[in-house]
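First up is the structure itself, then whatever we jot down about it.
The values are calculated or read from the model by the stated rules, or taken from the named source; none is laboratory data. The structure presented is a predicted model; accordingly, all values stated were derived computationally and were not measured. As a convention, Cβ positions derive from the backbone with ideal geometry for all residues, glycine included, and neighbour counts pool all protein chains shown.
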Amino acid sequence: MTVYPITPKAELLNQARTNDEENWALCSGCTECCEYISLEIDRPTTLKDVDNIIWYLIHQNVWVWVDEEDKWYVQFNTRCKKLDESGRCGWYAHRPKLCQDYKQAECPRYNSGPAEKFLFKDEEQFMNWLALARSSKLRSLQQRYLVQRARRWQRKSKKPNERKDANGRRTTTEKN
Ligand code: SF4
Ligand code: SF4
């Protein structure tokens, strides 16, 4: 779950939530934090990291984001199966500890502004961000990744019967 920066107003909510009824009342009409899961991932420092992030982002309903502490997360936008039709937790007594510990003080409804510093909803947004990143290492990662991808494409699109001779010249072998 996304932890939002705590505002003074939200901090009061931490104190206000003392029992289940109050908890439900505070969440009335909202299901946002039960509609996704997010997991921490490696910050991109290698071509493989970039490739992995692109792999996440080419899937439907998958985002990647970065928090204020520069931690990276992959987010799967997928509704919890325990949410009932009225939008309440249908598994309240058994809900995982993660759900129990999550406070309205940290949630989007009671906080202004996004929790994430950067949010990527597709691979194009991510690659554009890398290309314009302040860090020269990240910019170079994007360049190297594009070069690697172009080379891979060239290799794949080469005719299967094309070979190089001992001097590195391309030759084409006849098929029988
Ligand atoms: S904790 Fe916040 S985001 Fe989650 S359901 Fe309650 S009000 Fe909505
Ligand atoms: S178990 Fe309940 S509180 Fe936890 S994500 Fe599912 S519906 Fe929300």
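Does any residue in segment 65-79 that is surrounded by 11 or more Cβ atoms within 10 Å (Cβ to Cβ) come within less than 6 Å, Cβ to Cβ, of a residue that is hydroxyl-bearing (Ser, Thr, Tyr) and not in a strand (DSSP E or B) six or more places away or on a different chain, and which pairs are these? Cβ pairs passing all conditions: VAL74/TYR56; GLN75/TYR36; ASN77/TYR36.
If only residues of segment 65-100 that are at pLDDT 95 or above and part of a strand (DSSP E or B) are counted, the one that is nearest to ligand 2 (Cβ to nearest atom) is LEU83.
How do the pairs read when you match residues in segment 84-109 that are over 18 Å from GLY29 (Cβ atoms) with residues anywhere that are part of a loop (DSSP other than H, G, I, E, B) and among the aromatic types (Phe, Trp, Tyr), using Cβ under 7 Å and keeping only pairs 6 or more apart or on different chains? Once the first residue is over 18 Å from GLY29 (Cβ atoms) and sits in segment 84-109, its partners that are part of a loop (DSSP other than H, G, I, E, B) and among the aromatic types (Phe, Trp, Tyr) give GLU106/TYR4. If the condition is being modelled with pLDDT of 95 or more and among the basic types (Lys, Arg), then segment 15-48 contributes ARG43, LYS48. Of everything listed in (1) closer than 18 Å to ASP51 by Cα; (2) more than 18 Å from the chain's Cα centre (by Cα); (3) at pLDDT 95 or above, the single unmet condition for SER136 is (1).
With the condition kept exactly as written, say whether any residue in segment 75-95 is at positive phi and over 13 Å from the mean Cα position of the chain (by Cα). Before the answer, list the steps.
First pass over segment 75-95, keeping only residues at positive phi: 87.
Within this subset, residues satisfying the condition of being over 13 Å from the mean Cα position of the chain (by Cα) are 87.
Yes, that holds for at least one residue.
Contact map, segment 32-43: first residue surrounded by 15 or more Cβ atoms within 10 Å (Cβ to Cβ) and among the aliphatic types (A, V, I, L, M), second residue at pLDDT 95 or above and not in a strand (DSSP E or B), Cβ cut-off under 6 Å, separation 6 or more or different chains; the map is empty.
If you check LYS9 against the conditions, is it modelled with pLDDT under 95, of a type in the set (Lys, Arg) and either surrounded by 15 or more Cβ atoms within 10 Å (Cβ to Cβ) or in a helix (DSSP H, G or I) (or both)? Yes, satisfied.
Any chance segment 111-127 includes a residue that's in contact (Cβ under 8 Å) with a residue 12 or more places away in the chain, farther than 30 Å from CYS27 by Cβ and assigned to a loop (DSSP other than H, G, I, E, B)? Scanning segment 111-127, I find at least one residue that is in contact (Cβ under 8 Å) with a residue 12 or more places away in the chain, farther than 30 Å from CYS27 by Cβ and assigned to a loop (DSSP other than H, G, I, E, B), so the answer is yes. One residue stands out among those in segment 108-133 that are within 13 Å of VAL64 (Cα to Cα) and modelled with pLDDT under 95: the one that is nearest to the chain's Cα centre (by Cα), which is GLU116.
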